[in-house]
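Bear in mind that the values in this text are calculations on the coordinates, not laboratory data. Since we're looking at a predicted model, the values are computed, not measured. Here the Cβ positions follow ideal geometry from the backbone for every residue, glycine too, while neighbour counts run over all protein chains shown.
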Amino acid sequence: MSYEKKKEYLLFSAWAAAVVAMAGSLYFSEVLGYEPCVLCWYQRILMYPLVIVLGIAAVKKDGAQWLYVLPISLIGFGISLYHYLIQKTSFFAESSPACGRVPCTGEYINAFGFITIPFLALIGFTIISVCMVILAMQKKEEETI
């Protein structure tokens, strides 16, 4: 498969992950009425712009956007991981500060005993980050040839 095709698939996959994450968060808050906690808001602040940036990058087939998307995605990954650990481990839950009106330890959903809203965000940021790392490696490989 050519570099151009790989680039298109990676950009589209990252954009699709961001769209699904945004749609999911809006569904949980606007349809189901779940009020986001402070950490959920931070994750949204990082995810929503990725929909626009990755959408434009996918349309323009601009693989250089990995440089801008990856740091945002990795920060979101870190916040999501921390939020998930607050929910699922007593060590982090006990040492975490008060989160505001809605506690960050609250679990609106808990499918199969491990799938929570921060876990879903973590998956989204992971998919985006992996796509951007692969895109960066492909670009570097293409430049050396």
Count the lysine pairs in the chain whose Cα atoms lie under 30 Å apart, taking only pairs 8 or more positions apart in sequence or on different chains. 16
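Would you compute, from DSSP H runs of 4+ residues alone, the mean residue ellipticity of the chain at 222 nm, taking -39500 (n - 2.57) per run and dividing by the full residue count, rounded to the nearest 500? Display every interim value, and only then the final one.
Details: 5 runs with 104 residues, N = 145.
It lands at -25000 deg cm²/dmol.
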How far is helix 38-60 tilted off the main Cα axis of the chain, in degrees rounded to 10, range 0 to 90? 20 degrees
From the alpha carbon gyration tensor of the stretch 1-47, can you work out the equivalent ellipsoid semi-axes (sqrt of 5 times each eigenvalue) and give them in Å, largest to smallest? 30, 11, 4
Karplus-derived HN-Hα couplings along the stretch 6-13 (A = 6.51, B = -1.76, C = 1.60, θ = phi - 60°), whole Hz, x at Gly and Pro: 4, 4, 4, 5, 5, 5, 5, 4
Please determine, in degrees from 0 to 90 and to the nearest 10, the orientation of helix 66-88 with respect to the longest principal axis defined by the Cα atoms of the chain, where the helix direction is its Cα long axis. 20 degrees
Could you line up F125, F91 from fewest to most neighbouring Cβ atoms inside 10 Å? F91, F125
Show the residues, 5+ positions off or on another chain, whose built amide H is closer than 5 Å to the amide H of C99. C104
Given all pairs of distinct Cα atoms, the chain yields a Kirkwood Rh in Å of 16.0 Å
Per-residue ³J(HN,Hα) for the stretch 124-131, Karplus 6.51 cos²θ - 1.76 cosθ + 1.60, θ = phi - 60°, Hz, x for Gly and Pro: x, 5, 5, 4, 4, 4, 5, 4
